[in-house]
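J.: Below is a structure I'd like to ask you about.
The values are calculated or read from the model by the stated rules, or taken from the named source; none is laboratory data. Note that the structure is a prediction, hence the values are computed from the model and not measured. Cβ placement follows ideal geometry from the backbone for every residue including glycine, while neighbour counts extend to all protein chains displayed. These accessible areas exclude ligands, DNA and RNA; they are computed on the full protein's heavy atoms, side chains included. Shrake-Rupley method; radii C 1.70, N 1.55, O 1.52, S 1.80 Å.
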Amino acid sequence: MVYSAKTYDSFQANAGADNKYLPEKSINVLDMEQSERKKLAKEVCKLSQKNPNLDSVIKDRVLLDHIIVDDEHRLLYCYVPKVACTNWKRLLMVLMGKANTTNPLSIVADDSHRLNVFRRLDNYTGEEIRYRLDHFMKFMFIRHPFERLVSAFRNKFGQNSSSSDYFRSRYGRQIIKQYRANASEESLARGHDVTFREFVQYIIDPRTVARTNFNEHWRPMVDLCLPCTIQYNVIGKYESLMDDAWLVLEKANLNQKVSFPRSERPSNTNSLIEEYTKHLSREELLHLYHIYEMDFRLFDYHSPGFD
């Protein structure tokens, strides 16, 4: 879909009345950015030997459990925790009539993450999965891997919430027991004061990788969304969230129905990456990079300390 500058200007004039977001870039420029992202992803995927084919993915359907299906609007959204997925889920709830509101931000965040709110692609038969992959609009959003990791650490171990209580109990206590010498009884019992370096030591420990799949909040984005197997129509970036969200809705002919909610307070995690990673040794940083190497390469991100 290609619009002239005149048509695009008319979009801006019409949208001003109801305060809908419109990007400063033309849709042609946004489409070109998408072409470049998808071209790079395809080239990196070709060089990788670990890409599962679609048949094996359909056979092992749990691999598709992060793809939300909206049959009515023919959408497939692969959600990546810590990449605006709460607001995307809220918007989909409004769009699919799963909330008694038209304002996504009025939906309690926890409600959008409940297990039975959405149907996932792994709930369908093989034939139904293929049809949706062929005919629905597919999109995902990405973020700098280390920025996402810092955000997950701060959110799950540094804040006071029921979610943090779970992560401290489930992971924090074990991390402190494993990686802290002479830990206090309180730390071992509560898991409340995990440091970022201890968290990283847990992630890069070969025993961690061998023993269990990573929690979704720090699982590599390529493992959650399989971009080397599934050809996404839009790969949005956290850094250009509002523009790319607008593009998704425009391509799905939904911009007149819903608007992606604007964040009231922009994330400052990017400025914190260096502050957190400076406490890691070069060897730890290198190990961490290797865990997320495909995320870095596929989505054109640069790693602190290796540029």
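J.: Return the residues of the range 275-290 that are within 19 Å of TRP218 (Cβ to Cβ), assigned to a helix (DSSP H, G or I) and either of a type in the set (A, V, I, L, M, F, W, C) or open to solvent by 50 Å² or more (accessible area, probe 1.4 Å) (or both); say none if nothing qualifies.
T.: Scanning the range 275-290 gives GLU275, LEU285, LEU286, HIS287, LEU288, HIS290.
J.: Tally the residues that are of a type outside the set (Lys, Arg), part of a helix (DSSP H, G or I) and open to solvent by 60 Å² or more (accessible area, probe 1.4 Å), restricting the search to the range 148-169.
T.: Residues of the range 148-169 of a type outside the set (Lys, Arg): 149-153, 155, 157-167, 169.
Remaining after also requiring part of a helix (DSSP H, G or I): 149-153, 155, 157, 162-167, 169.
Cutting the leftovers down to open to solvent by 60 Å² or more (accessible area, probe 1.4 Å) gives us 162, 165-166.
Residues flagged as of a type outside the set (Lys, Arg), part of a helix (DSSP H, G or I) and open to solvent by 60 Å² or more (accessible area, probe 1.4 Å) within the range 148-169 amount to 3.
J.: Could you give every pair whose Cβ atoms fall below 7 Å, whose first residue belongs to the range 220-246 and is among the hydroxyl-bearing types (Ser, Thr, Tyr), and whose second residue is part of a loop (DSSP other than H, G, I, E, B), counting only separations of at least 6 or pairs across chains?
T.: Pairs found: THR229/ASN51; THR229/PRO52; THR229/ASN53; TYR238/VAL83; TYR238/ALA84; TYR238/ARG143.
J.: Moving to a separate point now. Just wondering, is there one or more residues in the range 234-251 that are part of a loop (DSSP other than H, G, I, E, B), over 18 Å from TYR292 (Cα atoms) and either in the same structural domain as ARG90 (by the TED database) or among the hydrophobic types (A, V, I, L, M, F, W, C) (or both)?
T.: Looking through the range 234-251, none of the residues is part of a loop (DSSP other than H, G, I, E, B), over 18 Å from TYR292 (Cα atoms) and either in the same structural domain as ARG90 (by the TED database) or among the hydrophobic types (A, V, I, L, M, F, W, C) (or both).
J.: Of (1) open to solvent by 60 Å² or more (accessible area, probe 1.4 Å); (2) touching a residue at least 40 places away in the same chain (Cβ under 8 Å); (3) aliphatic (A, V, I, L, M), VAL80 satisfies all except one. Which?
T.: In the conditions (1) open to solvent by 60 Å² or more (accessible area, probe 1.4 Å); (2) touching a residue at least 40 places away in the same chain (Cβ under 8 Å); (3) aliphatic (A, V, I, L, M), VAL80 misses (1) alone.
J.: Looking only at the range 76-86, decide whether some residue is of a type outside the set (Phe, Trp, Tyr), over 25 Å from LEU149 (Cβ atoms) and assigned by the TED database to the domain that holds TYR131.
T.: Yes, some residue in the range 76-86 is of a type outside the set (Phe, Trp, Tyr), over 25 Å from LEU149 (Cβ atoms) and assigned by the TED database to the domain that holds TYR131.
J.: For ARG207, are the conditions met, namely being open to solvent by 10 Å² or more (accessible area, probe 1.4 Å) and either assigned to a helix (DSSP H, G or I) or hydrophobic (A, V, I, L, M, F, W, C) (or both)?
T.: yes
J.: Of the residues that sit in the range 55-77 and are touching a residue at least 60 places away in the same chain (Cβ under 8 Å) and among the β-branched types (Val, Ile, Thr), which one is surrounded by the fewest Cβ atoms within 10 Å (Cβ to Cβ)?
T.: Within the range 55-77, the match that is surrounded by the fewest Cβ atoms within 10 Å (Cβ to Cβ) is VAL62.
J.: Among the residues that make up the range 212-221, is at least one of them at pLDDT 95 or above, buried (at least 18 other Cβ atoms within 10 Å of the Cβ) and assigned to a helix (DSSP H, G or I)?
T.: Checked against the condition, which is being at pLDDT 95 or above, buried (at least 18 other Cβ atoms within 10 Å of the Cβ) and assigned to a helix (DSSP H, G or I), the range 212-221 yields at least one hit.
J.: Is it the case that some residue within the range 94-112 is of a type in the set (A, V, I, L, M), open to solvent by 50 Å² or more (accessible area, probe 1.4 Å) and without any contact (Cβ under 8 Å) to a residue 40 or more places away in the chain?
T.: The first filter runs over the range 94-112 and keeps only residues of a type in the set (A, V, I, L, M), leaving 94-96, 99, 105, 107-109.
If we keep only those that are open to solvent by 50 Å² or more (accessible area, probe 1.4 Å) as well, we get 105, 108.
Filter again for without any contact (Cβ under 8 Å) to a residue 40 or more places away in the chain, leaving 108.
Scanning the range 94-112 turns up at least one residue that is of a type in the set (A, V, I, L, M), open to solvent by 50 Å² or more (accessible area, probe 1.4 Å) and without any contact (Cβ under 8 Å) to a residue 40 or more places away in the chain.
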